[in-house]
Every structure is written in C-alpha cells, then in structure tokens.
Amino acid sequence: MKRSNRKILIGVLIIGLAVGFLIVRGISTTSAYYLTVAELKESPTGLNLGAEETVRVGGDVVADSIAYDQQALRLAFELRDQQNPAATIRVSYAGPKPDAFEPDVEVLAEGIYRRGDNLFAADNLLVKCPSKYSSEEGSK
Amino acid sequence: MVVFGNLSQFAALAFSLLALVLTLLGVMRNDARLARGGARALLSAAAFTTLASIALAGLFLSDNFQVEYVASYSDRALPIFYKLTAFWAGQKGSLLFWAWTLSFCAVLTVYSNRRDADPRTTSYVYLVLAGTLSFFLFLLCAVTSPFELLSFTPADGQGLNPMLQNPGMVFHPPTLFLGYVGFTVPFAYAVAAMVTGRSDAGWIRKARVWNVLSWIFLTIGIILGGQWAYVELGWGGFWAWDPVENASFIPWLASTAFIHTAIIQERRGIMKVWNMVLILLTFTLCIFGTYLVRSGVLQSVHDFGATGLGGYFLAFTIVTLLGGIYLIAESYHDLKTPHVLESYLSRESTFLFNNVILLALAFATLFGTVFPIISEAFTGNKVTVGPAFFNMVNTPLFLLLLLITGICPLIGWRKASASNLRRNFLRPAIFGLVVLALLLGFGIRHPYALIAFSLCGFVAATIVLEFVAALRSRDKQSGESFWSAGPKLLWRLRRRYGGHLVHFGLVLMVVGITGSTAFKQQAQGTLKRGETLQVGRYELRYDDFNVYNKFNRTIYGAQLSVFNGGEPLGILETQRRVYVNAEQPTTEVALRTTLRDDLYVTMPGIGRNEEITLKAAVNPLLVWGWIGGALMVVGGVVAIIPERKRRIAS
C-alpha cells in the first residue's frame, strides 16, 4: 500500500474511533429509560434506577387531578398507566401549562421519580396531540 | 370528480406497470423501440397522475366532504389557499403528491434524454423510475386511496390542523418531497451505469445535476421546517432532533457527501465504487426515513401514527438496498479504479475526510434515532436518547467538518506543497485567531462558541481571500474595475463559486445556530396590566388585552410595549388563537427580529382577570442562520446552471 494511502487510512480510523467513543459516551451519559407508569412503579428486575436518574414516563392525565397555579407557574396532576388504570403516580412540574394539556390526554414526562412519595418531579413535559381527525365522525 | 380521480389513479398505475414491462422487455431483447414505448407509457402515467391530483384538488375546492380525506383535513371556513395546501396535510394526499412529483421528474428525465444515443442506458433509467412510480401508485390504488368515500356526507369537514395554517407549512412538505423524490433519478442513472457497464463520466454528470437539484429542495424543505417550528410551535427552538427531522437530515448528509466526491470522479475518474455506494445510501435512506416516520415504531411529535404503510416501505427499502448491493458487487470489477490518492495533503483527501465525517454524522444520527428500537430488541427495555445525545455527538463532528470546509478549497489537487500551504493558510488562520482573541477580550468563555466562531472566521476568510485573489489576477489581465469584474467572475466560474456561496451560507448558519443556542436568555412570569418582565436586554410591559374574530379564528391578544434600557422600541402582540373546529387554543409567537438578536415571546396562559403568563427569550444572532440557509440554496442554484463551455482542468 502506498504510504499516503496508509496515512489517510489512519486518519479515517482515528475519526471512526472518535465517533465510536462519542456515541458510547453519548449513550451512557444522556440516555434515559422510557417507561410506562406501571413499569416505573414496579421497577422491573434488572432495572436499577438510581435515586437521581432521569427517566421518561408516559401515561394519561387523570381527569380531576389537575391543579395549576398560574401565578407561581406550578402544575400538579396524576398520571395513570394506559393499560392498568389502577397504577398512578403524582407528577409536579414547574412551568407553564402546555397548550394541549387536558384531562385524559397522553403525556410524556421527563424527570426524577421519588419512590417514597410516589412523586415524579418533571422538568420536561410533552403532550402527545390527540389526533382530532380520528374522532367519532370519521370512524362511523 | 371522485370517479374521475379514481379512474385516473388506476390508469396511471396501469401505464406505469406497462412502462415497467416494456422497458424490461426492451432491455432483455435489446430493442430500442420497446424502450421508446416504455418512455411513452411513462409519460402517460405522468399525465394520469396529474389528472388524479387535479381531481383531488378539485374535491378540496368544492368542499366535497363525502370524500373521507377531504372531510378529515378541510372545512367550509378554511381560506381557499389552505384548502389547496390541505392536499398534502395528511398521508394519502402526501402519497399522491409524492407520486405526482416523481412522475414529473420522470417526464423531465425522458425529455432530457430525447436525443440520447444510448437507448440501453435510458431503458434502465426508465425501468427504475417506472418501478418506483408503480410502487407509489400501487399504495395509492390498493392500500390508502385519497378518493375513499364515507358512507354518509358530513355537513362540514373537520378542518385543517391550525398549526398547519401557516405559510411555512405550505411549502415545507412539497419541497421536502421534491428533495426525496428527486434522488430517485440519480439512483436510476447509477443503476443504468452499473448494469450497462458504462460507468464513465457521462452518467455522473447527469446524476450530479439531479442530485444537486434534489439537495436544493431538501435543504429548502429542512430550513422551512425549522422556521415553521420556530414561529409556530412556540417552544423557542428550530430543531429538536425529532425522528422525523432526522429522517430528512440523514439523506441530506449522504447526498452532500456525494456532491463532493462526484467532483472527484468527474475530474480524476476515481472513487467510482464509493459514489455508487453514496447514491444507493441516499436513496435508501429517503425510503427508510419514510418507513420510520410512517410506521409508528418511534415516538415523535409528528404524530402520523401507525398507518399500516410501514411494512411496504420497509420491504421497498430492503429490496432496493439488497438490489443495490448486488449490483455494486457485480460491477465492482468495472468500477474499480487503479488510481490511488497521491498524497494525504491534497484536495482529494480533504474530500475523503469530508465524506467520512458526513457519513459519521449520518450514522450517529441514524443510530440515535433508532436506538429505542435497538435497545428494546436487545434488553427488553426501551431506552431513549434526546437532543442532548445528538448535540453531544454531532457538535464536535460538525466543527471538524467546518474546519475541513475551510481547508479544502485552499489545497491543491493531487499533491500540495508546503509552500502552497503556508501561502494559502497564513492569512485565514491569522484571521480566525483574531476572531478568537476578540471574543476572549469580550469575556466569552463558552468553549464550543469560541471554537465555532473562530472556525467561522477562518472559513469565511479563506472564501473571501480566494475570491479577491482570483479577481486580482484577472484584473491585471483585463484591466476591468474591481467591482464590475466581481459578479462576472462569479458568473463565469459559477460552479466553483456556487459551491463557495454554499460554504459561506454554512458559515452564517453556524453563526446563527451557535449564537442562539450558546447565548440564549430566557424569562417567564405572570403579569397584571402595567407590570413588566425583563429578558436579556429587553423589558416587556403588559399594556392591553383584546379579544376579536378574524377569518376562521378567535384571537386573544395581549399588547406588550418593548423597551431596551428605557428606550421604547415599539409594540408586540402575542396571541392565543382558537380556530373554528379546533378544541384547543394555539399559541401565536410574537417575534421581533433584528440582525443582533430575536426577541421571542409566547403567552402560554391567560387568567380570569386577564393576567397573562409570558414566556420570553432572546436568541442572539439567530437571523443569520436563516440568511445562511437562503445563501446555501442560492449557491446551490448558481452551481447547477450549466456552464456553456467546460473549463479546462487547471
């Protein structure tokens, strides 16, 4: 092999290794479990959640549990599991209530779960838009 | 109209399949007449796809709500302009639009080959186009037809999602589709070149033009998408590394890589295999992206839901990928080139590194996007990565790419000498260091921002200095004035300077992205009338509150006076809108854009006594990102306007 080609190959290898390193580091420091409410409560075996580990949890907003303080911008509500409605957690979120946040909508919360209080401190809240296009009329 | 649309759709499929059969027979029997017949069938398929599209547009305009698709995405109150754009608001219409653009590309291809001397090559090109078109038309006719009827006629439609009633959303989907669809043509040329063994420079020139054209549309689509997210979604950003965004970004990266190495193949006749791989990758990634987006396997804010189309797109992806790999393996001996790179200090090698980094970016982005699927398959737990992952991995790669963007045009072909390097690099490097020193002097310590801005200075300096030097040497020959010669030079060497314009646009874009992410300032609060909120250098005073109706919406608007250190700058209105037919209010961003920064205000809440909750942000330099994006598009256009005479290689 020509020497210049070897040097180029070495350069490519270095970039490849750097990318591999970045990906591995990225996954290990930024990835988070995506769980349902029931999974979060049970914390399945093999899933060692640290006390301060950020997770994402998805579920439906319990209808009459919403408390919003507009002055202080604090939102509190309960989230229930989509398959198993008996499993619920309390969620608190510091920030304005998102646009589409309503009773029974599907919500994705990102934050830390305090098992002792059954309280999920969310620092990010995403509302999955209910697809209004598949409402009753359309499915008749 | 419904019957007409349905018939047109089926006729289009029939002609498309006919084109497939004719071209297939044509290449098997080596009969030019069959190939010409195939081209004609392809044109007919295009005509009928156009008729089907006209029919659907007509159904929207005439408020025919018995058609399920029209009832789902339009209503009587919708302004007529948005009735037309509701065409591609949903999946079925998007597919029809996709098929229509593909058929349009096929027409252009047939037209551009009308005097081609080699019917064998064109037959294969038409074969691939007819195959892809048939796939889309099949989905339309058999799986998800936009002309499907409801069993009753609703009094009114369900309306267009308010978030889609925005000019950015009008052009974002069609440009993105044009980008996706356009990549079919270079892929078709690549297949033809491999099968016929005519992998010479001729096909790569055609493939390049189509590729750049599609790249331009994809770029426009991505930028408009970002702009739409910024002004419409109200979360303050323009890019969230959402799977759907990534699905458009990944093929963009692969296509950018091809644009660069295609130049090497044209100039030096090397890297033929690699270019085939890139074309195949770009095309497959477009289809695979569609699969990811439409199959519902990933969580996304673009909620298309599980639509039953995923399987078809996955199958199509696998078939193309395997077919492509087989063809490349079969024609490997024809494609293999004896040339090697003479030196690692050469323009060729910088192109190579540019490719490696672009593909690394593509890989990292793809990996992060599908990571939830991978982790669930291997561990049983769904583990997701968010924007933090993409920013962490991609930012250093981008900065490296930016560095190479600066180095590449300065370095000679084949082998650069040390003196050549010193001569060309000294001044840009000094300029980059001056930028760094200035920023440090102003007290900026954000590491990525420092690196990014210095590199921007370096790259901008290389581009400007190269142009000035070229002008000077021309100046001496012609005696023309500096200013009149500039545009002429740019026009005469438009392929080169088009590329440089794209690079300059990229620099501006990096400036915008870095400024607005590294130095963003935010504030939020709930205000009574007369109270103020401070954000960055601005002060917002809540003056007045109004409720009024306009078109198909009720607007709740809050008037805010903007001050900068006591000096009044004018009035902004931030709104919440309730559209007819929509249950939820939407936020309308109030935006004050200057070259220095954007003031971005939303109103997430209105209380009983008209006290309002405000979220405000100052995004420094953000507008430069949009200007840079526009410049990238302009540069791309400049670069593909054909040059009359091919320049002698220097």
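The values are calculated or read from the model by the stated rules, or taken from the named source; none is laboratory data. These figures come from a predicted structure and were not determined experimentally. Here the Cβ positions follow ideal geometry from the backbone for every residue, glycine too, while neighbour counts run over all protein chains shown. Only protein heavy atoms, including side chains, enter the accessible area calculation; ligands, DNA and RNA are left aside. Shrake-Rupley method; radii C 1.70, N 1.55, O 1.52, S 1.80 Å.
Assorted remarks:
- Residues in the stretch B:157-180 reached by a label modelled at residue B:63 [backbone nitrogen below 18 Å; 7 Å Cα→Cβ]: B:157-161
- For chain B, the relative contact order is 10 percent, taking Cα pairs closer than 8 Å that sit 6 or more residues apart in sequence and dividing their mean separation by the residue count.
- Listed residues B:401, B:447, B:421: farthest to the positive end of the dipole of the stretch B:366-450 (Cβ charges): B:421
- Whole-Hz ³J(HN,Hα) from phi, Karplus 6.51 cos²θ - 1.76 cosθ + 1.60, for the stretch B:71-83, glycine and proline x: 5, 6, 10, 9, 8, 5, 6, 5, x, 4, 4, 6, 5
- At the residue level, residue B:72 shows approximately 10 square angstrom of accessible surface with a 1.4 angstrom probe and all protein chains present.
- Selection from B:560, B:632, B:99, by position along the positive dipole direction of the protein assembly as shown (Cβ): B:632
- The overall shape of the protein assembly as shown is oblate: from the C-alpha gyration tensor, with semi-axes ordered a ≥ b ≥ c, the ratio a/c is 1.5 or greater and a/b is no larger than b/c.
- Near residue A:114, once Lys and Arg are set to +1 and Asp and Glu to -1 for all other residues with Cβ below 14 Å from its Cβ, the sum equals -1.
- Beta bridge orientation in chain B: antiparallel %, DSSP, nearest 5: 100
- Label sites at residue A:106 and residue B:580, each approximated as a point 7 angstrom past Cα along Cα to Cβ, lie 3.1 nm apart.
- FRET efficiency estimate (nearest 0.05) - Cβ-Cβ, residue B:3 to residue A:128, R0 41 angstrom: 0.60
- Taking every DSSP helix (H) stretch of at least 4 residues in the protein assembly as shown, weighting each as -39,500 (n - 2.57) and dividing the sum by the residue count yields a mean residue ellipticity at 222 nm of -19500 deg cm²/dmol.
- Amide H contacts of residue A:99 (H built 1.01 Å from N, under 5 Å, at least 5 apart or other chain): none
- Distance between modelled label sites at residue B:531 and residue B:29, nm, 7 Å Cα→Cβ extension: 8.3
- Estimated FRET transfer efficiency when R0 is 25 angstrom, pair residue A:9-residue B:332 (beta carbons, to 0.05): 0.80
- Estimated buried accessible area (total), pair B and A, 1.4 Å, Å² to nearest 100: 4300
- Cα-based shape type of chain B, given that a ≥ b ≥ c are square roots of the gyration tensor eigenvalues and the cut on a/c is 1.5: oblate
- Modelled FRET efficiency - R0 25 Å, residue B:550 with residue B:608, Cβ distances, 0.05 increments: 0.55
- Cβ-placed point charges (K, R +1; D, E -1), dipole of the protein assembly as shown about Cα centre in debye, nearest 20: 4480
- Selected from B:344, B:160, B:179, residue furthest toward positive end of dipole (chain B; charges at beta carbon): B:344
- Across the stretch B:104-203, the relative contact order, built from alpha-carbon pairs under 8 Å that are at least six residues apart, equals 50 percent.
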